[in-house]
1. Once you keep just the Cα pairs under 8 angstrom separated by 6 or more residues, what percentage relative contact order results for chain A?
2. Cut-off 12 Å, label point 7 angstrom out along Cα-to-Cβ of residue A:868: give me the residues of region A:893-926 whose amide nitrogen falls inside.
3. For chain A, take the longest principal axis of its alpha carbons; what is the angle in degrees between that and the long axis of helix A:777-795, to the nearest 10 within 0 to 90?
4. Please work out the Cα center distance from region A:223-255 to region A:703-755, rounded to the nearest Å.
5. Quote to one decimal, in nm, the extra length available between residue A:133 and residue A:164 on full extension: 0.36 nm per residue of separation minus the C-alpha distance between them.
6. Determine, for each peptide in A:767-774, A:473-480, the mean count of other beta carbons within 10 angstrom over its residues, then list the peptides with the highest first.
7. Where the centroid of each part is defined by its Cα atoms, how far is region A:637-657 from region A:428-489 in Å?
8. How do B:37-43, A:489-495 rank on mean C-beta neighbours within 10 Å, highest first?
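The numbers here are math on the coordinates, done by the rules we state, and not lab data. Note that the structure is predicted; figures quoted are calculated from it, not measured. No Cβ is skipped: glycine too gets one built from the backbone with ideal geometry, and neighbour counts run over all protein chains shown.
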């Protein structure tokens, strides 16, 4: 049998530890148990003694009371014949000694008195006078003070105190023992149906003359003694009982009744003591029975016991201490005390548990130590063993052995390591040498083959096997091309074998070529081949070494490079075109912007400028990049601009400023926005807002004019009516009339003005749908002339009309209005005696028919300045602000005309020469569109 | 002696109404001129207690007239009251800046216009001003 080192170390150690620990534990337990048993015996003795003392004291009371009562009668303080006095004496004594059950007296004359406690705190008094006339024994029930007697039926007439009980009367027995005696009697004090056993002390009583006077007695019920015992052991486990040496049972702490309390019909039998006695063996209590069995197991005479006897009893796995103690001499009783050992054994068990715990700890500690020691010793040895196994098994890497502090093992380990190291290094060297050449040839990135002089392939490296897939097969020089599928590059022609570099090599020529292709599994692979011959010492070719490689990638790379260059050229061309296109687009975008754009450095010198013509550049345009921007601006604007640029650079937010300046006699308004681009560069966007300003100003002017135009007639009306209303001119009727007329004329002027404004508004907004029809041009002209004839006459202007017989597609009323407006304008601005012409002509862009009719009104007035030729068609745009009043117009006439003509799809314009006159033209279509 | 007031306005109707009001209710003597040029000539030719001047006039407007009056030491101290239909705040500011005595906006109540003139110039007005 083989045992491991570990087992050998641990096994005996463990057995040893277990043995020692067990022995120590057992001895400790044993000695502890003995010590406790001896202590328990002492304790038991003490307990028994205490119970015995209490019981003796308890039984002393009836004995003393009986003695006292006898002495009282003997001294004449009480009279044995005076039952009444005795009765009250007995009642007092019962009150004084609660342990006493009853007191009795019988005298020589045969009288009898018994006072006893009942169950319910009442007293039972039995009295027998013993006179010849009355021999009845009367039973009364009274309260605890002997008062309120109630006679209890029936009255007995068969009671003789001298013959009670008949066969063994206590009276005689007491007479015979002057010192008194104890006797167990049956008492019927509770009634004939309730016989009870009582322990009674009898004493004979003598009169002062020394003659026997009677017998006094004091009784304690056995049940009372039991109750006393019960009180004694209360709160403890175990029990106490009292027996007579023959086994008769006296009292017990278990609550059992120790006698037979049955009644029968026979009175003599009922009062007989002996049949009612029970032995201890008759107890129904398990422990009591067991103790009884234990006591009487050995037929030793219990009456011989003089000293307390101590023994141990087992019942139901419980141990009990039993002690028998004899009571006082005149009562031949034995006191038995039973206590479970558990009551005493708690300490020993605690001690035992502690011992067990300590043993267990010691055991664990010892085992732990043992295991650690074993491990400490075996570990390095095992590691050596593993290393040895690994080495023997051929493991390339031998696991490292564990260093140890055990001197001998460490030496062994070091020697082993050294030996292994030497062996391993020897093996490695050997294997390396073997592999070096093959590894080298396989490692080179070109294919290598070695041929003998016949051309037969002798060696082929890894790379070579991938190209010459047939491997080492038999093939002579002239078969090489066919066997290995070698072709002239780009053809299906087998490579001529005599041209193969290897064949040349075998002839002693070093050669190389790159025009060989090999068929590798259906794929043509271009090869580059180099061959060198190896000569022996005689100059004969021994081998030809052939190095070759796949040059597919090189060929592809060359192809790819050619393609790439071509593609690059194309891309560059495309990019260039795109850039040019982008440049044009960008320029177009910039040109579309109505602003000057300027990249500006921090110093204020422009870096780049676009749309220089968008604004009014007042500097020299030839040297915009030579000067700072500020030098090309009026000083105050330059300052403002510089502040904005600095603010934009500092805050990084867009700055804006508006300014005006005059240049070559004109006033311009510009808005500049300064946009920060980088830390040192801003974009300046300048916009000419002169037109916008002009529009704003015109708007203001328009409001002022309308306001003025409306307020002037209103003022006249308000004033004239106010004066009329005041009645100040009441006595000057012609002046009153003038005021009225003034009101009327101005009201009409106001109406005209409001009409014109509304007309124009309707026409301009297109809310009025013009109802067009074919109209005779001559008719329209005539109607217009009729309308202005009166004012022409008034102004002394001569009117010429060149009518045309043609039709136009028009709303006639509006055209008459337009002609009237133009004519009245012409008349207004004509000096008396000058001429005004109204003409109409057909205009034909193609030969015929004419598409438009052109109307014209020509005057010889003052003419219109060139810059006003277009503006006069705007609202309230008279040539002169004062014209409206001077010429009576509203300033809206031409605007209305223009609107009417445009609604017809025609055009209105004016040609004028200052100081010579003007001609207004408009065209109308001849037919509906 | 009754106050003498020159009224310059291109609108005949307005001239008539203003003159009537000043004469009939104010009890003053009013003379009118129909243009700025005529007004300037009148202002220099006679002695005036005040000039009531319309702003919007052809050829030479009220503003030009005020400047001419102020340029001439003889007419510089005559208080000028402007009559105008231009009631935009910007216009009023511009007129006030000319240094005129006051501005009366059109349309006005002819029965009260003499009171406005008196108030502007600080002249006493009697409640029971005689009529005519």
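1. Across chain A, relative contact order equals 5 percent.
2. Within reach of a label on residue A:868, which here means backbone N under 12 Å from a point 7 Å along Cα→Cβ, region A:893-926 contributes A:914-915.
3. 80
4. What the calculation gives is 151 Å, centre to centre.
5. Between residue A:133 and residue A:164, full extension yields 9.1 nm more.
6. Numbers: A:767-774: 12.2, A:473-480: 14.5.
Descending mean neighbour count gives A:473-480, A:767-774.
7. Taking the Cα centre of each part, region A:637-657 and region A:428-489 sit 84 Å apart.
8. Values: B:37-43: 18.6, A:489-495: 13.0.
Taking the mean over residues of other Cβ atoms within 10 Å, the ranking is B:37-43, A:489-495.
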